[in-house]
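The structure appears below as structure tokens.
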Amino acid sequence: MKLTQTLTASALLLATSTAVMAASDSTDITINVTKDAYVNLLGSLNSNITKTLSLAEVNGTTTTLGDLGAESNTVAGCNVSFSSLNDFKLVHDVDATKFLHGAAQYTVDWAGASIASGAANTVALADCNTAASDMTMTSPNLPAVVQAGTYSDKLTVTIVTQ
């Protein structure tokens, strides 16, 4: 009986000492996935292109240059700004003092906005995901005599998310 009491006491001591020696640990793991924001111009005018027009298309007319839209994965709107290398004038390729329309300038219309020299040439889009729509150029009348050569200007379109 003494042996049974000793074994019971030993077993009880071993069971209680195991509970006292127990340890634990835990950690929280936060998982993040980041997708960078993007914005792209869409349509036939979405990349560096050269648009060749005839004299008839720039003689007091409105001509469609192509279409332009935007896509983005942001929730805010976008600002689309326009700038002209030659202040909205078509300049002669050899004589930079000669302009196709003299002192007159052309305008560009897109997304309900008229873009011209001296204007605030930024179009605010409430949604960056905008279907491509026509961009037009309205030209003044040509002078009676047009000097031979190539006349050009470069429009730069920049889109930035808000």
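The values are calculated or read from the model by the stated rules, or taken from the named source; none is laboratory data. In this text, all values refer to a predicted model and were calculated from it rather than measured experimentally. A quick note on method: Cβ atoms are made from the backbone with ideal geometry, for glycine too, and the neighbour counts reach across all protein chains shown. Surface accessibility is based on the protein's heavy atoms, side chains included, excluding ligands, DNA and RNA. Shrake-Rupley method; radii C 1.70, N 1.55, O 1.52, S 1.80 Å.
What's the Kirkwood radius of the chain in Å, using all Cα pairs?
Evaluated over the chain, this radius sits at 20.7 Å.
Helix 2-21 versus the longest principal axis of the chain: what is the Cα-based angle in degrees, 0 to 90, to the nearest 10?
Around 20 degrees separate the two axes.
Round to a whole number: what % of the accessible area of segment 55-162 belongs to carbon and sulfur, probe 1.4 Å?
In segment 55-162, the share of accessible area belonging to carbon and sulfur is 53 percent.
Using only DSSP helix segments of four residues or longer, with each worth -39500 (n - 2.57), what per-residue ellipticity at 222 nm results for the chain after dividing by its residue count and rounding to 500?
Theoretical 222 nm ellipticity from helices: -4000 deg cm²/dmol.
In nm, to one decimal, how far is the modelled label at Ser44 from the one at Ile31, with both set 7 Å along Cα→Cβ?
4.7
In segment 135-162, whose amide N lies under 17 Å from the spot 7 Å out along Cα-to-Cβ of Ser117? List them in ranges.
Answer for this model: 137-143, 151-156.
With no solvent and one point on each alpha carbon, what is the Debye value of log10 I(q)/I(0) for segment 109-149 at q = 0.29 Å⁻¹?
Relative scattering, expressed as log10 I(q)/I(0), comes to -1.12.
I need to check one value: relative contact order of the chain, counting alpha carbon pairs closer than 8 Å and at least 6 residues apart, in percent.
It rounds to 31 percent for the chain.
Just to confirm a number: summing +1 for Lys and Arg and -1 for Asp and Glu over residues other than Gly43 whose beta-carbon lies under 11 angstrom from that of Gly43, what do you get?
Local charge sum for Gly43: -3.
Hey, can you rank 109-122, 143-156 by average C-beta count inside 10 Å, highest first?
Output ranking for 109-122, 143-156: 109-122, 143-156.
Could you work out the local net charge near Lys154, counting Lys and Arg as +1, Asp and Glu as -1, over the other residues with Cβ closer than 15 Å to its Cβ?
Here the charged neighbours net out to -1.
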